[in-house]
Structures are given as structure tokens and as C-alpha cells.
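Right, one structure below, let's go through it.
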Amino acid sequence: MQQKQRLSRSTAYFIPYMLWIVLFVIAPVLLLIYQSFFSINGQFTFANYQTYFSSSTYLMMTLNSVWYAFLITLATLLISYPTAYLLNETKHPQLWLLLIIMPTWINLLLKAYAFIGIFSQAGIANQFLSFIGIGPKQILFTNFSFIFVAAYIQIPFMVLPIYNSISELNTSYVNASRDLGATNWQTFSRVLFPLTLPGVRAGIQAVFIPSLSLFMLTRLIGGNKVITLGTAIEEHFLTTMNWGMGSTIGVVLIIAMVIIMWLTNGGKRRTRRGLK
Amino acid sequence: MAVNTQPIIRLTDVTKSYGDHQVLKKINLELEAGKFYTLLGPSGCGKTTILRTIAGFTDATSGQVYFDGQVINNLPANQRQVNTVFQDYALFPHMNVAENVAFGLKLHKVPKDEIATRVQEALAMVQLADFGEREISEISGGQQQRVAIARALVMQPKVLLLDEPLSALDAKLRKDMQYELRDLQQRLGITFLFVTHDQEEALAMSDEIFVMNAGEVLQSGSPVDIYDEPINHFVANFIGESNIIPGQMIQDFEVSFVGKNFECADAGMRPNENVEIVLRPEDLDIVAADQGKLVVTVDSQLFRGNYFEIVAYDTDGNEWLVHSTNPATEGEPIGLTFDPQDIHVMRLNESEASSDARLEQYEDD
């Protein structure tokens, strides 16, 4: 009797969270799927999916999105792993971590506008380039600037999980590896990196998936030269008012995300079991 | 000195400091090839630091570390011919048992078929021949311990360093592993340097023990020497159980404590010098009160299985610990007897060197 009561009370604590999930996650996804089966005139149809998979424009766009998300993730990873590693060696890692996290407190739009200033013809970047004699150059509205700014924004989300997995790593693994004759590089590639893979995977998920649907940066920084699925969705909902097509692309994006999650979790089994 | 008795490991005046804190104070020690050595001391005494200095994980602040006659202070850990068994085993969780053991051999570019044979031999040596394909998380603590030993031994090191490898095992398993480690060391003829805070472990396995405290080696010698002739209060207390009583040396072979004079086996001190007397609890025999060399009153006793542990007090208020096969009665007076050679006399603040010199001089007479 008493146990039952306690059980019902603990269920009650879940209600706000469940409500939130149902109202703002499950319901919108269902709506999106439902809507993707309607044409612009409100008739039930599979035409949206047909159009999507038979149009080279949409397939190029998908490829583009995945390709740029991959480049952004790669750039972020290459910067974040050494950063997280060095962070772990410093005396006050929490302080440095705070400094890395701090930019996430600033609104994305503000950061984008700041970069427009930095990268513009008369901006600091071009002033520097002129100073060393190679500038001024067109920086803004290039693919480079798009990847640069996107990576800048995503770095904290990559550094954090990697830092956590490195700092949790028992230092005696490193000593054991050196003891058995491994050089620093061998210790890194055969022990340190494989053991911190869970953090790397978490970081890739946290960066790759949002990068797939970036749309504001493509416009503000990339100058609409890079059209990603995110841009296409925005166009369909706000400009062409073809909500059905927009929803279809949304559903495709969701499926892509699930695939990414599944892929990055695939090899996790062994490492996770070993670490716990 | 004969040339071929050159020690495999030698530390000369090795110190280690972290800021103002001196962890090691001028450590000098020599390890001969093929023996089982133990660094014994309470936690924080610097014993693990010595191990890490030899392995190459820590640099000595000053002093030299020799391996086979060569200074190895600047040799990185991965180039030293020593291997370590870590306290937490440090087995790589992303590799299975065989991959862990093969790790070092692969790095040294040993041919594949040779790796397979050597891994199998090493696993058989620690009685895990059929466990190669198991994951580390699937085997017990005792088995992980064996894998760690196999992983180090497969490298055929000249010296094996063991950092409290048995501390995580339960009592029964620990006893079994003591026999196995000792047996393994004697079969392979590799020098073992074993670190522990457990005096029983040290006494059971070692050829030679270094007793350490606060960054210094207080005494070194065979287990029997250290047990029978502890050099000072700390060693007497740390190794086995002891009754340590203040006394006075009357003359050679005569010592006074608890107001009486006793014949003893020690000599070479100043007349009337203040000393400390060590009497081991198992060397004390209980007799009737009127027949004892000392009379004490029983305060409490505990049954320990193979003996009774009796706590008694003499008229001066000294506590006496007695191990007896027969029970005593609480509150009753009992007599204690002991032989002259059971009395061990310690000078106050005597160092190992001056003690050795005194003993030598007195044995020459």
C-alpha cells in the first residue's frame, strides 16, 4: 500500500517532464510527418517524397549539407581534441573550461554579426592581411568563412565531452603503456585515443547533427552560396509557403540524425562495457 | 668486490621533493639480480616513489639511478628494461586478455607467430591459459591481477616492479598469490621489487626487506634479521607485534627494566645507558605468579583462533601483550618468563650504520 503510494508519487515527479516531451518533441514530430504527406493545396499525397528523391537539386542539397556538416565536425574535432588534452594538463582546467564555455552564453545571432564585422572589407581580419601585405581579400560570404564561424560556434560542445573523457581516464593506463615500451605517439594512438572515443563520439553527435540543419549562418556568413537542407526548410516555410515540402525535408533530416546516432553508437558497445 | 656481483639496480643518494616537501631523503640501495626484494612501510613513506623512479615515471630530484651499471636517470620509461605490475593493474579495457598481454610485444615488432606463443606461455604461467579471449571486465579481480603479471613478464624484464599488487584481493586469495609470486620469482630468476605496507606479506615472500618511514630506509636485511633485531622503536612496532619497555643497560649482557636486572644477549653500549627493550608477545610464557621473572595482572584477552591474545599490566603501568595457547583469567596475576636471547635491546636513535658497526665490533671480540 505504502509502496504503491511512493511509486505513484515518483511517477508524479515525471509528469512535468513527460508533458514537455509530449507537447514539444513528440507532437511536433508527428505533426511534421503528417504534414509531409500533404501538397501545397492541402491534398493527401506522396508527391513530396517523390519530388525529393527524384530531384537532383534536393539530392545535391542533401549531399552538400552532409559534406559541410562533415567539414565543420572535422575542423572542430581537430581543434578540440588537442585543446581538451592540453586543458587536462593545465593547473586550473576549470578556469580554462569556463573561458571556453563562456561564448555559448552569447546569442548565436550576435556572434554572427560580430563575425560580419571582423570579416568585412574594412574589418580587423583584412586590416591584418593588408598589414602583412597579402590583403585585403574577400573573406565574408565564402565557404571558408562559413566553416570557420560554424566551427567556432561548435567548439565548446566538442571540447566538453572530450575533456570529460580524458580527465576521467586513469593515468596509470598511460604509465602502463609507456612501461611496456610505447612511445608517446603509440601511447596516444593505441591507448589514450581509443579510451577517450566515447567522448569523441558524444562530441561528434553534439556537433554534426546541429550542423546538418544550420541555416542562419549560411545566409549571414556564407552569403547563401552554400545551400543546406536547413536553408531549404526555411525557404519552404517562410518564402514559398510549401509547408508540405518543408516538412518532408524535415523528416529526411530527422532520419539522417537517427542514422548518425546509430552509426556513432555502433562501435560503442565494447569500450563502454570495458570502462565501467 | 667480485665483478659479476654488480647490482642490477643501484640508487645512490636519490632524493625527491615536491616543493618544500621531501618525499625521498638520500635513498641508497642495491638490488642483486635474481632476488626478491620488498620495500615495506606505511602509506606515504615514499616506497611507491622509489618504484616510480626506477620505472621512469618520476624523475629523481638529485642522485643517480643505475641499471646494470649504467646511469638511467635520463632514459625514458619506454626504453627501460623493467616492467611494472600496477596497484590497480591498469589493464587496457578496450583490449581482451590476450591483446593486453601482446601489447608490449607488438610495440617491439616481435613476429606474429612468436607473439602468439609467448602470450600463450605467459598466460599458462599465471594459470590463465584458456582466458585469452575474455574481456577484462569479464574476469575477477584475482584473474586481472594475474593478467597484469603476465603482461609484464611476457616482456622478459630483468627487474619486475610490483606496486602493492595484492592489496585489492581478499585475504584467502592474497595468501595464495603470495605463494605463487614467490614461486614464480624463484622459477624465472628475475629480480622482483615488491612494494607493500603489509608486514606479513613482506616477511613471507622476501629475500631482503627495506623498512621505510618518512622518505628514509630505516633498516634493511632478511626477514628474520629484521624481525629478531629491529633497529628502533618504529621498526619493532611496524614489523610484528612487540612489547617495547624503557630500560637501562647495566653492563654488557645485563639489562634492567621494570625495576629488575636480567641477563641478555646484547652488548657494546655505555654502562647505564638508557635503552628500549623489545620482547615479542610469542616469546613470553605464562607461569604461576610466584615462578615468573615478572608478575603482571591480566586486563583482557581475545581468542584469536590459534592463540589467545592477552593484555596485562605490570606494577609500573607498562602494557604487556602475550600470545599464549592457554587462556588466562581476567583480573588475576600471572607470571611471565622468557629466555635471555628473547630480550632485544635497542639504543635510542641509533642508525642502521652505527648499529652494524657496533654488532661487528662486538662479534669480533
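The values are calculated or read from the model by the stated rules, or taken from the named source; none is laboratory data. Since the model is a prediction, treat every value here as computed from it, not as a measurement. No Cβ is skipped: glycine too gets one built from the backbone with ideal geometry, and neighbour counts run over all protein chains shown.
When you check A:L87 against the structure, is it farther than 27 Å from A:L214 by Cα, surrounded by 17 or more Cβ atoms within 10 Å (Cβ to Cβ), among the aliphatic types (A, V, I, L, M) and touching a residue at least 40 places away in the same chain (Cβ under 8 Å), yes or no? Yes.
Is it true that B:I286 is at pLDDT 90 or above, on the phi < 0 side of the Ramachandran plot and not polar (S, T, N, Q)? No; evaluated as a whole, the condition is false for this residue.
Of everything in region A:243-255 that's touching a residue at least 60 places away in the same chain (Cβ under 8 Å) and of a type in the set (V, I, T), which residue is surrounded by the fewest Cβ atoms within 10 Å (Cβ to Cβ)? Among residues in region A:243-255 that are touching a residue at least 60 places away in the same chain (Cβ under 8 Å) and of a type in the set (V, I, T), the one surrounded by the fewest Cβ atoms within 10 Å (Cβ to Cβ) is A:I254.
Cβ-Cβ contacts under 8 Å between residues 6 or more apart (or on different chains), taken from a first residue in region A:17-32 that is part of a helix (DSSP H, G or I) to a second residue that is of a type in the set (S, T, N, Q), are listed as A:L32/A:S247. If you go through region B:162-198 and keep only what is at pLDDT 90 or above, of a type in the set (S, T, N, Q) and farther than 17 Å from B:Q127 by Cα, you end up with B:T191, B:T196. The condition of being facing chain A (nearest Cβ under 7 Å), within 25 Å of the chain's Cα centre (by Cα) and surrounded by fewer than 19 Cβ atoms within 10 Å (Cβ to Cβ) holds for only one of B:D68, B:D88, B:D59, that being B:D88. Is there a residue being touching a residue at least 60 places away in the same chain (Cβ under 8 Å), of a type outside the set (A, V, I, L, M), outside any strand (DSSP E or B) and within 12 Å of chain A (Cβ to nearest Cβ) anywhere in region B:20-35? Among the residues of region B:20-35, not one is touching a residue at least 60 places away in the same chain (Cβ under 8 Å), of a type outside the set (A, V, I, L, M), outside any strand (DSSP E or B) and within 12 Å of chain A (Cβ to nearest Cβ), which makes the answer no. For the residues A:T183, A:T196, A:T264, A:T240, the requirement of being at negative phi, surrounded by fewer than 20 Cβ atoms within 10 Å (Cβ to Cβ) and either among the small types (G, A, S) or within 11 Å of chain B (Cβ to nearest Cβ) (or both) singles out A:T183.
Each residue in region A:157-180 was checked for being surrounded by 22 or more Cβ atoms within 10 Å (Cβ to Cβ), within 14 Å of another protein chain (Cβ to nearest Cβ), assigned to a helix (DSSP H, G or I) and not small (G, A, S), and 2 pass. Residue pairs whose Cβ atoms lie under 8 Å apart, sitting 6 or more positions apart in sequence or on different chains, and linking a residue in region B:63-83 that is free of Cβ contacts under 8 Å to residues at least 40 places away in the same chain to a partner that is of a type in the set (K, R) and assigned to a helix (DSSP H, G or I), are B:P76/A:R178; B:A77/A:R178; B:N78/A:R178. Restricting region A:138-156 to residues that are not in a helix (DSSP H, G or I) and not aromatic (F, W, Y) leaves a set whose member that is nearest to the other protein chains (Cβ to nearest Cβ) is A:T142. Just a yes or no: is a residue in region B:55-69 in a helix (DSSP H, G or I), of a type in the set (A, V, I, L, M), at pLDDT 90 or above and touching a strand residue (DSSP E or B) at 6+ places or on another chain (Cβ under 7 Å)? Yes, region B:55-69 has at least one match. Of the residues making up region B:131-153, those that are within 14 Å of chain A (Cβ to nearest Cβ) and of a type in the set (A, V, I, L, M, F, W, C) are B:I136, B:I139, B:V147, B:A148, B:I149, B:A150, B:A152, B:L153. Here region A:218-269 is the region considered, the condition is being assigned to a helix (DSSP H, G or I) and among the basic types (K, R), and the residue that is nearest to A:T45 (Cα to Cα) is A:R219.
Scanning region B:133-155 for residues being crowded, with 16+ Cβ neighbours inside 10 Å and either assigned to a helix (DSSP H, G or I) or of a type in the set (G, A, S) (or both) gives a total of 13. Only one entry of B:I277, B:I250, B:I226 meets the criterion of being in a strand (DSSP E or B), touching a strand residue (DSSP E or B) at 6+ places or on another chain (Cβ under 7 Å) and surrounded by 18 or more Cβ atoms within 10 Å (Cβ to Cβ), and that entry is B:I277.
Taking the criterion of being of a type in the set (A, V, I, L, M, F, W, C), more than 21 Å from A:Y58 (Cβ to Cβ) and free of Cβ contacts under 8 Å to residues at least 60 places away in the same chain, the residues of region A:201-219 that qualify are A:A202, A:A206. As for region B:121-130, it holds no residue that is among the β-branched types (V, I, T), touching a helix residue (DSSP H, G or I) at 6+ places or on another chain (Cβ under 7 Å) and within 14 Å of another protein chain (Cβ to nearest Cβ).
Is one or more of the residues making up region B:263-284 among the basic types (K, R), closer than 27 Å to B:D225 by Cα and either touching a residue at least 60 places away in the same chain (Cβ under 8 Å) or out of contact with any Cys (no Cβ under 7 Å at 6 or more places or on another chain) (or both)? Yes, that holds for at least one residue. Checked against the criterion of being among the small types (G, A, S) and not assigned by TED's automatic domain parsing to the domain that holds B:D198, region B:294-303 contains one or more residues that satisfy it. Considering region B:291-365, the qualifying strands (runs of 3 or more DSSP E), each wholly inside and each with 1 or more residues that are at pLDDT 85 or above and surrounded by fewer than 13 Cβ atoms within 10 Å (Cβ to Cβ), run over B:294-303. As a summary of the residue check, B:K109 satisfies the conditions (1) within 9 Å of chain A (Cβ to nearest Cβ); (2) within 19 Å of A:R190 (Cα to Cα); (3) not hydrophobic (A, V, I, L, M, F, W, C) except for the one numbered (1).
Looking across region B:229-247, the residues that are over 21 Å from B:L294 (Cα atoms) and not in a helix (DSSP H, G or I) come down to B:E229, B:P230, B:I231, B:N232, B:I239, B:G240.
Residues in region B:167-188 include at least one that is among the charged types (D, E, K, R), more than 14 Å from every other protein chain (Cβ to nearest Cβ) and not in a helix (DSSP H, G or I).
Got a number for residues in region B:212-238 being without any contact (Cβ under 8 Å) to a residue 60 or more places away in the chain and of a type outside the set (D, E)? Working first, answer last.
So the first thing to find is which residues in region B:212-238 are without any contact (Cβ under 8 Å) to a residue 60 or more places away in the chain, and the list is B:221-227, B:234-235, B:237.
Going one step further and asking which of them are of a type outside the set (D, E), we end up with B:221-224, B:226-227, B:234-235, B:237.
Number satisfying all stated conditions: 9.
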